[in-house]
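To start, the structure under review is shown below, and the notes come after it.
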Amino acid sequence: MVPSTPTATTAAPGRAERSSAAQRSSSELGFTDQRTEITVEALPVEGEVPSWLTGSLLRNGPAQWDLQTGSVNHWFDGMAMLHRFAFSEGKVSYRNKLLRGKAATAYERDGKLSYREFASDPCKSTFGRVMSLFDPSLTDNGAVNITQVAGKWVAITESPMGVEFDPRTLETIGVYQRAKGSRVPLAHEHVDRATGEIYGVRTLLGRKCAYELTATERTTGVERLIARIPVKHPAYQHSFALTERFVVVGEHPFVVDPLRLLLSGKPFIENFRWEPQHGTTFTAVDRRTGEVAGTWTAPASFCFHHVNAFDDEDGSVVVELCAFDDASIVHALALQERRDGAAIPESTLRRYRLPRGGGDVVVETTAPASMELPRIDDRFARAPHRFVWGVGLGGEDASFLDRLVLADVQQGEVREWHEPGVYPGEPVFVPRPGGTEEGDGVVLSVLLEPALGASSLLVLDAISMQEVARVRVPQHIPFGFHGGFVKSLA
Ligand code: CO
């Protein structure tokens, strides 16, 4: 692996400069713009893609950060690009497309930012000095995740607006309104296939703030408000937990004074403050009645991703998540930090047992490994699962997440897939048809291979973590976030 060699830069380099600049960290290519949209009918395959693997892996993530006026501030702020790997009889096709909602369309037309992103705002002269939480300039740059509601496929981020797209061609269809006004829904939802509902949590930002818990009929898009929980200083949230009985909201003490959001003139996330004295609070709300069943406080931690949760036999609620000691990861994922290969905090798999009727939270680390972008065998959602797949940070010279990790949270054991100088993305588990055992199947992960200047798609046996196949993509795929496998999309 090439050691990270940070270089001081005083200004955000433009596109042409960047492409000729020496690489400063071996993972920098993952934070380098991809502007070429391609369609390849049959990618070169090494090994053998299982013939039963039929359907499409849809991926989402930022892919363009360098505007004519300079770069955006954060990994999360790049313009969204969709990717589709389609599998049929051992063959794999690929295509990628920029998500052309309002934000990306304006950016392509003007070469500058016109909408407010996570950590970047349009320059003040075009934006005006006074911000409003009801501002129409909130982004629709859905770079984080993909959801399906009312027959529509929608790319989403933490914004009231998503962008609908065609899941086959990846062409943009148009803006999809996810919530009204200043309600900011999370980019992670839970689908309960038994009830046909999508569960969501959003933060109402205004003079009076609240968390709103919702259940939406997946086929019709009709929404039911489960509960509204008032909060003075909302916590930054990216995901939450769902059990058969409860929606569990985790408030990690990275909080915002809503007045600061309105008046500071700073981008969204810069208004949040780390206040560990509040600890981490979990609130369980009954899915059916909307009543608060309990509130628990645990030592302060920060979290992007919940893993799974379930109601235990003794009536306690068990919540598993990827926990950081503090919120410094947010800044560590700033664009310049990542391009420089700066140090990155690690998160661990933590399990919180919330006892029935209140009492002390029991916290344990379930596996001896760093873990992010966690995925499970979805058939075991809301049940006492055994396996979690994720990406982890390994060697001292690793400038980014550099291995795939399988954690057995019942045995406390870990198995890894690692190749020096290669950077894998979120592993998506796909069950073998007819199999019922947890983990019987493969995991799919997009690899960045900087030495080749390109990416590939890795197919691993999910339990042995042995490589089954590698599918070569003729260009690089910037580091993305989330996606899913869709069987019906062959
Ligand atoms: Co996420």
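The values are calculated or read from the model by the stated rules, or taken from the named source; none is laboratory data. Small disclaimer: the values here were computed from a predicted structure and weren't measured. All Cβ positions, glycine included, derive from the backbone under ideal geometry; neighbour counts span all protein chains shown. For accessibility, only protein heavy atoms count, side chains too; no ligands or nucleic acids. Shrake-Rupley method; radii C 1.70, N 1.55, O 1.52, S 1.80 Å.
Results, tabulated for the structure shown:
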{"read-out": "Lone unmet requirement of (1) more than 30 Å from residue 385 (Cα to Cα); (2) hydrophobic (A, V, I, L, M, F, W, C); (3) more than 16 Å from the ligand (Cβ to nearest atom) for residue 226", "value": "(1)"}
{"read-out": "Test: residue 219 is more than 16 Å from the ligand (Cβ to nearest atom), in a loop (DSSP other than H, G, I, E, B) and over 23 Å from residue 286 (Cβ atoms)", "value": "yes"}
{"read-out": "Top-ranked residue of the stretch 247-256 - restricted to ones that are farther than 17 Å from residue 198 by Cβ and more than 16 Å from the ligand (Cβ to nearest atom), ranked as surrounded by the fewest Cβ atoms within 10 Å (Cβ to Cβ)", "value": "255"}
{"read-out": "Residues being in a loop (DSSP other than H, G, I, E, B) and open to solvent by less than 10 Å² (accessible area, probe 1.4 Å) - total across the stretch 377-392", "value": "2"}
{"read-out": "Elements of type strands (runs of 3 or more DSSP E) contained in the stretch 40-120, each with 3 or more residues being touching an Asp or Glu at 6+ places or on another chain (Cβ under 7 Å), open to solvent by 10 Å² or more (accessible area, probe 1.4 Å) and more than 27 Å from residue 461 (Cβ to Cβ)", "value": "none"}
{"read-out": "Residue match in the stretch 189-198 (condition: within 26 Å of residue 260 (Cα to Cα), open to solvent by less than 10 Å² (accessible area, probe 1.4 Å) and out of contact with any Pro (no Cβ under 7 Å at 6 or more places or on another chain))", "value": "no"}
{"read-out": "Test: residue in the stretch 208-218 that is more than 28 Å from residue 315 (Cα to Cα) and modelled with pLDDT under 95", "value": "yes"}
{"read-out": "Those residues of the stretch 219-240 which are more than 16 Å from residue 185 (Cβ to Cβ) and touching a Gly at 6+ places or on another chain (Cβ under 7 Å), in sequence order", "value": "219"}
{"read-out": "Per-region count, the stretch 305-319, residues more than 15 Å from the ligand (Cβ to nearest atom) and surrounded by 18 or more Cβ atoms within 10 Å (Cβ to Cβ)", "value": "7"}
{"read-out": "Pair list, Cβ < 9 Å and 6+ apart or interchain, from the stretch 229-246 residues that are in contact (Cβ under 8 Å) with a residue 60 or more places away in the chain and away from the ligand (no atom under 16 Å from the Cβ) to residues that are basic (Lys, Arg) and open to solvent by 10 Å² or more (accessible area, probe 1.4 Å)", "value": "243/382; 244/382; 245/288"}
{"read-out": "Residue that is farthest from the ligand (Cβ to nearest atom), among those in the stretch 284-304 that are under 25 Å from the mean Cα position of the chain (by Cα) and of a type in the set (Phe, Trp, Tyr)", "value": "302"}
{"read-out": "The one condition in (1) more than 26 Å from residue 288 (Cα to Cα); (2) more than 16 Å from the ligand (Cβ to nearest atom); (3) of a type outside the set (Val, Ile, Thr) that residue 151 fails to fulfil", "value": "(1)"}
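Let's see how each residue does on (1) under 21 Å from the mean Cα position of the chain (by Cα); (2) touching a residue at least 40 places away in the same chain (Cβ under 8 Å); (3) open to solvent by 30 Å² or more (accessible area, probe 1.4 Å); (4) farther than 30 Å from residue 275 by Cβ:
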{"site": "336", "(1), (2), (3), (4)": "yes, yes, yes, no"}
{"site": "354", "(1), (2), (3), (4)": "no, yes, no, no"}
{"site": "394", "(1), (2), (3), (4)": "yes, no, yes, yes"}
{"site": "419", "(1), (2), (3), (4)": "no, no, yes, yes"}
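Residue-wise test of (1) of a type in the set (Ser, Thr, Tyr); (2) under 18 Å from residue 480 (Cα atoms).
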{"site": "312", "(1), (2)": "no, no"}
{"site": "315", "(1), (2)": "no, no"}
{"site": "337", "(1), (2)": "no, yes"}
{"site": "358", "(1), (2)": "no, no"}
{"site": "368", "(1), (2)": "no, no"}
{"site": "383", "(1), (2)": "no, no"}
{"site": "392", "(1), (2)": "no, yes"}
{"site": "399", "(1), (2)": "yes, yes"}
